[in-house]
1. Considering only the stretch 146-180, how many residues are free of Cβ contacts under 8 Å to residues at least 40 places away in the same chain and within 18 Å of MET97 (Cβ to Cβ)?
2. Those residues that are under 29 Å from ARG62 (Cα atoms), open to solvent by less than 40 Å² (accessible area, probe 1.4 Å) and of a type in the set (D, E, K, R), I need them from the stretch 177-233; list them, please.
3. Can you name the residue in the stretch 36-49 that is among the hydrophobic types (A, V, I, L, M, F, W, C) and outside any loop (DSSP other than H, G, I, E, B) and is also nearest to GLY214 (Cα to Cα) among such residues?
4. Looking only at the stretch 28-37, filter to residues that are farther than 24 Å from VAL154 by Cβ and in contact (Cβ under 8 Å) with a residue 60 or more places away in the chain; which one of those is surrounded by the most Cβ atoms within 10 Å (Cβ to Cβ)?
5. Give the stretch 120-139 a look and list any residue that's open to solvent by less than 30 Å² (accessible area, probe 1.4 Å), out of contact with any helix residue (DSSP H, G or I) (no Cβ under 6 Å at 6 or more places or on another chain) and at pLDDT 95 or above, or say none.
6. Answer yes or no: is there a residue in the stretch 38-55 that is more than 30 Å from ALA199 (Cβ to Cβ) and open to solvent by 60 Å² or more (accessible area, probe 1.4 Å).
7. Name every residue in the stretch 151-178 that is assigned to a helix (DSSP H, G or I) and over 18 Å from VAL25 (Cβ atoms), in order of residue number.
Amino acid sequence: MEVEVAGIKKAYPKKTVLREASFSVRAGNCVGILGSNGSGKSTLLSILAGVRKADGGSFYMRDEENPAHSAGVVDLLHCRKALSKALGYVPQGDPLMEELNAWDNLRMWHDRETLKQSLAGGALRMLGIGEFLKTPVRRMSGGMKKRLSIGCAVVSDPAILLLDEPSAALDPVCKENIRAYLAAYKKSGGIILMVTHDAQDLELCDACYILKDGVLQTYDYDGDFHRLAGALL
């Protein structure tokens, strides 16, 4: 399987944030999207998730082994059903209901049997969500909320996972738990598109791109954070 982001464009009255952003990624790989604040990274992810509408471009999924569509290719931006089935999306802000506990938030998206299976030996078990199922979101730490947000997105085993700042403001232990899950997700053949400011997250990435002045360009990250910081300016 492979996904291709092709010519995504987005402009606002006073600013063009995306000028035909394009890249591709194969199963079992992770792409990191970098850029300064306000560069359009979150806008790009929200467009791919179907939350925001692009001014142009496509988001193709190619799956020759299971060709549900002609030639095994579908433009996810123009097929809501396929997008919903293929994609898990974790925005920068936690998309959780504060007055509900973890279990009830999960039940808003998934049936009981699917959740029980995941808690027994799937994504929810790996993320440790069983430890706080009855805890109201308003009483959770930032790390618990992030783990739950990811859990809501991945219980149904989506082929593609979009992550916006998955490790922001988390303690080291929680970051390591989430990265361990994401590494396992990649190993199982999942595709990750990740916006991040955390250099450690880049260790998961097989390719990196910098979004600057609306243009998405490849960047060869070699572990030199100071060089990276200079490229983002």
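The values are calculated or read from the model by the stated rules, or taken from the named source; none is laboratory data. Because the structure is predicted, anything quoted here is derived from the model rather than measured. Counting neighbours? That spans all protein chains shown, and the Cβs are built from the backbone with ideal geometry, glycine included. Only protein heavy atoms, including side chains, enter the accessible area calculation; ligands, DNA and RNA are left aside. Shrake-Rupley method; radii C 1.70, N 1.55, O 1.52, S 1.80 Å.
1. Within the stretch 146-180, the first condition is being free of Cβ contacts under 8 Å to residues at least 40 places away in the same chain, and the residues that meet it are 147, 157, 167, 169-176, 179.
Checking the rest, the ones that are also within 18 Å of MET97 (Cβ to Cβ) come to 147.
Qualifying residue count for the region: 1.
2. ARG179, LYS186, ASP201
3. Narrowing the stretch 36-49 to residues among the hydrophobic types (A, V, I, L, M, F, W, C): 44-45, 47-49.
In the following step, the residues that additionally are outside any loop (DSSP other than H, G, I, E, B) were identified as 44-45, 47-48.
Details: LEU44: 10, LEU45: 14, ILE47: 14, LEU48: 16 Å.
So, considering only residues that are among the hydrophobic types (A, V, I, L, M, F, W, C) and outside any loop (DSSP other than H, G, I, E, B), the one nearest to GLY214 (Cα to Cα) is LEU44.
4. Within the stretch 28-37, the subset farther than 24 Å from VAL154 by Cβ is 35-37.
From what is left, the residues that are in contact (Cβ under 8 Å) with a residue 60 or more places away in the chain are 35-36.
Numbers: GLY35: 20, SER36: 14.
Here the answer is GLY35.
5. Restricting attention to the stretch 120-139, the residues satisfying the condition of being open to solvent by less than 30 Å² (accessible area, probe 1.4 Å) are 122-124, 127-129, 132, 136-137.
Then drop every residue that is not out of contact with any helix residue (DSSP H, G or I) (no Cβ under 6 Å at 6 or more places or on another chain), which leaves 122, 128, 136-137.
If the condition is that a residue be open to solvent by less than 30 Å² (accessible area, probe 1.4 Å), out of contact with any helix residue (DSSP H, G or I) (no Cβ under 6 Å at 6 or more places or on another chain) and at pLDDT 95 or above, then PRO136, VAL137 are the ones that fit.
6. So the first thing to find is which residues in the stretch 38-55 are more than 30 Å from ALA199 (Cβ to Cβ), and the list is 53, 55.
This time we only want the ones that are open to solvent by 60 Å² or more (accessible area, probe 1.4 Å), so: 53, 55.
There is at least one residue in the stretch 38-55 that is more than 30 Å from ALA199 (Cβ to Cβ) and open to solvent by 60 Å² or more (accessible area, probe 1.4 Å).
7. Keep residues of the stretch 151-178 that are assigned to a helix (DSSP H, G or I), which gives 151-154, 172-178.
Selection gives GLY151, CYS152, PRO172, VAL173, CYS174, LYS175, GLU176, ASN177, ILE178.
Residues are listed down the side, and each one gets a yes or a no for (1) touching a residue at least 40 places away in the same chain (Cβ under 8 Å); (2) within 18 Å of ASP164 (Cβ to Cβ); (3) open to solvent by less than 20 Å² (accessible area, probe 1.4 Å):
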{"residue": "GLU4", "(1), (2), (3)": "yes, no, no"}
{"residue": "PRO13", "(1), (2), (3)": "no, no, no"}
{"residue": "THR16", "(1), (2), (3)": "yes, no, no"}
{"residue": "ARG26", "(1), (2), (3)": "yes, no, no"}
{"residue": "VAL73", "(1), (2), (3)": "no, no, no"}
{"residue": "GLY88", "(1), (2), (3)": "yes, yes, yes"}
{"residue": "GLY93", "(1), (2), (3)": "no, yes, no"}
{"residue": "GLU113", "(1), (2), (3)": "no, no, no"}
{"residue": "SER118", "(1), (2), (3)": "no, no, yes"}
